[in-house]
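Engineer: This is the structure I have questions about; it appears just below.
The values are calculated or read from the model by the stated rules, or taken from the named source; none is laboratory data. Quantities reported herein were computed from a predicted structural model and do not represent experimental measurements. Cβ placement follows ideal geometry from the backbone for every residue including glycine, while neighbour counts extend to all protein chains displayed. Ligands, DNA and RNA are excluded from the accessible area calculation, which covers all protein heavy atoms including side chains. Shrake-Rupley method; radii C 1.70, N 1.55, O 1.52, S 1.80 Å.
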Amino acid sequence: ATGIPEAAVVHAMPMEARTAVSMLEFERVWQALTEWEHALIIVPSSDSVFEIFGRLPKGEIDRGDFNFDGPDSAYGGQLKVDRLAAIYFLSTGGENGEIHQVAFYDLDGRRVFSVYVPRDDKGALQTQPHSRFLRMKRDFGALATHSLLTDTSCLWGLNTDQNSIPLEERNEW
């Protein structure tokens, strides 16, 4: 309703709830996500939400797209990585307890998709993905000092047209 991009709101969350990671780390983050036994991907759209449960396949960048597909995975497709701007590790509370996700945002500050730590049949966080998430958040958070997404310079607060900045230049920030 306010027109503020979701990523700007996420970036304003308390430090203990969010860790910003540069898109320079995209392939390493994705690789680490493929090591989870299970994951829940949620893809929001303007009127719908898609939920897919399973193990993420490996992928590779080819001609500017990140292509992912695996014979044992429910996931397949491609991402326009030059349209992605940030990755956030988010830990929040919900009505069922802790919620942990790795959220991917585009240049306009919209969430493209999130990878959640799934729950078991009793509603508890699955142990292996949960421990991997916490380790990833810690390890990638240590790299965050080199990220564009610092508390003093948030991508969505810059006075420039981010869409006109070539990927090579954005990655050098």
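Engineer: If you check every pair at least six apart or on different chains, which have Cβ atoms under 9 Å apart with a residue in segment 42-60 that is under 17 Å from ASP72 (Cβ atoms) first and a residue that is hydroxyl-bearing (Ser, Thr, Tyr) and modelled with pLDDT of 90 or more second?
Structural biologist: Listed pairs, sorted by first residue: ARG55/THR34; LEU56/THR34; PRO57/THR34; LYS58/THR34; GLY59/THR34.
Engineer: Among the residues of segment 63-77, what is the count of those that are farther than 20 Å from ALA39 by Cβ and either hydroxyl-bearing (Ser, Thr, Tyr) or open to solvent by less than 70 Å² (accessible area, probe 1.4 Å) (or both)?
Structural biologist: To start, the set of residues in segment 63-77 that are farther than 20 Å from ALA39 by Cβ comprises 63-65.
Within this subset, residues satisfying the condition of being either hydroxyl-bearing (Ser, Thr, Tyr) or open to solvent by less than 70 Å² (accessible area, probe 1.4 Å) (or both) are 64-65.
Total satisfying the criteria: 2.
Here is a yes/no grid of residues against (1) closer than 15 Å to GLN101 by Cα; (2) surrounded by 19 or more Cβ atoms within 10 Å (Cβ to Cβ):
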| residue | (1), (2) |
| --- | --- |
| ILE4 | no, no |
| ALA12 | no, no |
| ARG18 | yes, yes |
| TRP30 | yes, yes |
| PRO44 | yes, no |
| GLU51 | yes, no |
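Engineer: Given the options VAL29, VAL43, VAL115, name the one that is at pLDDT 90 or above, more than 18 Å from GLY141 (Cα to Cα) and of a type in the set (A, V, I, L, M, F, W, C).
Structural biologist: Numbers: VAL29 fails: more than 18 Å from GLY141 (Cα to Cα); VAL115 fails: more than 18 Å from GLY141 (Cα to Cα).
Exactly one of VAL29, VAL43, VAL115 is at pLDDT 90 or above, more than 18 Å from GLY141 (Cα to Cα) and of a type in the set (A, V, I, L, M, F, W, C), namely VAL43.
Engineer: Also: Taking ILE99 as meeting all but one of (1) in contact with a Ser or Thr (Cβ under 6 Å, 6 or more places away or on another chain); (2) more than 15 Å from GLU37 (Cβ to Cβ); (3) buried (at least 17 other Cβ atoms within 10 Å of the Cβ), write down the number of the exception.
Structural biologist: It fails just one condition, (3).
Engineer: Can you pull out every residue in segment 102-130 that is under 17 Å from the mean Cα position of the chain (by Cα) and open to solvent by 20 Å² or more (accessible area, probe 1.4 Å)? Break it down stepwise before answering.
Structural biologist: Taking segment 102-130 and keeping what is under 17 Å from the mean Cα position of the chain (by Cα), we get 102-118, 129-130.
The answer is ASP108, ARG110, ARG111, VAL112, TYR116, HIS130.
Engineer: Only residues in segment 72-87 that are free of Cβ contacts under 8 Å to residues at least 60 places away in the same chain and over 26 Å from ALA142 (Cα atoms) count as the first member; pair them with residues that are β-branched (Val, Ile, Thr) and surrounded by 12 or more Cβ atoms within 10 Å (Cβ to Cβ), Cβ under 7 angstrom, at least 6 apart or cross-chain, and list the lot.
Structural biologist: What qualifies is ALA74/ILE52; TYR75/ILE41; TYR75/ILE52.
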